[in-house]
Amino acid sequence: MNPTSSKNSANKTSNVKSHICPPSNAKHPRDRWETAFVYAFIMKFTNLRSKVESFENPSDLEDAILSPTQHPILVQVLSRFVLNLRPQTRNLSPEQLPATLSSVLQEYMKSSERTVFWNEDLGTNVDPLQKVEGGIWGASWDLKLRILRQLVELQLSHNQEVRETIDRAWGVVHNKHRKRDTLSAPPDPSDPRSMERLKTAPLGLDLSRKRYWAFDDSPRLYMSSNPWKVTADFKTVSTTREEYVKIIEGLASGEPKNSQKKTSKSENQHIQLRGLLESRLEAIDQEIVRVQKVRRKIEQREILKAQAELRSTRTRRQTRRPDYVYNQDFDDEEEGDEYTYQDDEDDEDRLEIDGDEFGDGISRRRSQRTSTRNANGKRTSDALGEWRGERRSTRLGTNPDPVNEGPSTKRARTEERSISSAPSDTLVSPVLSSSGAPTAKNGAAAVRQNELVVEQVAGKKKSKFWYYAVEPVPGTAASSSVLSNDVGELELNGHGLNGDGHSDSAVGKDSVGQNDGGGAHENGLSVAPNMEVA
């Protein structure tokens, strides 16, 4: 071998440049093949189109790429791609996504495998977002599209799930020498994971050898030259149904009109392409109707949100604290009607019927705390109001009908209360009125004129909190001796109290000894069986 020729061949080999595609002069993402490449991967290996709102066709992806802000569709697409490459990633919020995406790209670019961002001068991959302010959100649409293309290629090469799907669809078996229980059969052609559904092939060729591509049921149609050539061009020819119909009409006008002549292979491919495009019209119409319904629902929801922001909202929460006071006098009717509560009518311990409302002359009992508050802290009794009559036990033989004797009040801490707490052998009479008849004092029930007050009655319980009103049996003489206008003396068990508070057993003894007929002495009272307890 000639050494000169071998040296020349070595120089030629070292000067061979790698395969570099010429830069595209497209002005919009729809005229770049990378857009169709990314969209086809999303359709075949992910469920993003059905999960992401407002993502229905390739135009939505193109708008997301062109958006200078954080578009929701692009955020979801990038998040899904990052999770496919790094499943344990958690920082996927729009604010943290640029840093996460940059770290994922740097991780896969450390190897010697050439990527889209291979630098010939440095002989290594470079980070495309290194000098971009704002990360992926601050990049141009061309850089965003190239990053999406690189992420798709990395998933096709490194994602285990994607590789298993492709291997199963094409029937590829790794490590054939190993024994396996069963081998999974290729999926049915109707299966979305089958080879027929996963592979991407042109719809056909026209007479000029142009290829037509479609990746879903939308009217979007692409046309390209030979994709195996570096100088191949790629562009969008239809986006709406009207443009799609014009493509069919143009293909029909270019068909050969002489049917007697034998058609060539290219002419047959042209005719088949026109027929295939016409057969897709029904599916395209259904897809257009579906997309219109989805967009109409989104618009209606946005309108409702806008109206809700303008409309003043109502709340069930009360504007003031509830006041649990019944029949309170309000300044106006509207204030009183704001909160109404009605308790059980039989609950006599809490409220009574309002006399003004029902006309029976019996008023309703008010809360002691409310009355005190309305009186500025002073506990006063309503002297003008009507009060419920005294309730007496029917077992003692008295009239069970209630008698309105006047308002009853609490007993004050007076001298007579302290006297009532004296030993059991003493007896204190109630305060007498100016006419000599015992009257009510500090809330105690009034004593009738024909009744006498004793502290203890034979067979009855004695207490310092009440006394007994007894009524003599008609036909017997029973009277009370008034010692003074304030305090009277009653005899019990032969002992008594005189006016100065000293015991005078002799008086009691004489009064008992002179009462032969079982009556009462003029200076004392003998508790006898002939007296009826009221």
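Here are a few things to note about the model shown:
- Highest to lowest packing among 450-458, 28-36, scored as the average C-beta count within 10 Å: 28-36, 450-458
- D_trans [Stokes-Einstein, Kirkwood Rh over alpha-carbon pairs] for region 33-163, 4 °C, 1.567 mPa s, µm² s⁻¹: 86 µm²/s
- Once the Cα-Cα distance is subtracted from the 0.36 nm per residue extended length, the N47 to S111 segment shows a gain of 20.0 nm.
- Taking 23 Å as the limit for the C-alpha separation, the pairs K44/K144; K229/K261; K110/K144; K210/K246 exceed it in the case of K229/K261.
- Rounded accessible area per residue of region 41-115, 1.4 Å, Å²: 50 Å²
- Taking label positions 7 Å along the Cα-Cβ direction at both D127 and E267, the computed distance is 6.1 nm, reported to one decimal.
- Rg/Rg_globular for region 219-306, with Rg_globular taken as 2.2 N^0.38 Å and Rg from C-alpha atoms: 1.55
- Most to least accessible of V289, V126, V152 (protein chains only, probe 1.4 Å): V289, V126, V152
- Region 116-242 - Debye-derived log10 I(q)/I(0), Cα point model, q = 0.19 Å⁻¹: -1.22
- Segments 94-100, 295-301 sorted - mean Cβ within 10 Å per residue, highest first: 94-100, 295-301
- Neighbour-limited loop hits for trypsin sites (Lys or Arg not before Pro), region 63-160 (at most 11 other Cβ within 10 Å; DSSP other than H, G, I, E, B): R90, K110, K131
The values are calculated or read from the model by the stated rules, or taken from the named source; none is laboratory data. Keep in mind that this is a model prediction, so the values were computed, not measured. No Cβ is skipped: glycine too gets one built from the backbone with ideal geometry, and neighbour counts run over all protein chains shown. Note: accessible area is taken over every heavy atom of the protein model, side chains too, but ligands, DNA and RNA are not part of it. Shrake-Rupley method; radii C 1.70, N 1.55, O 1.52, S 1.80 Å.
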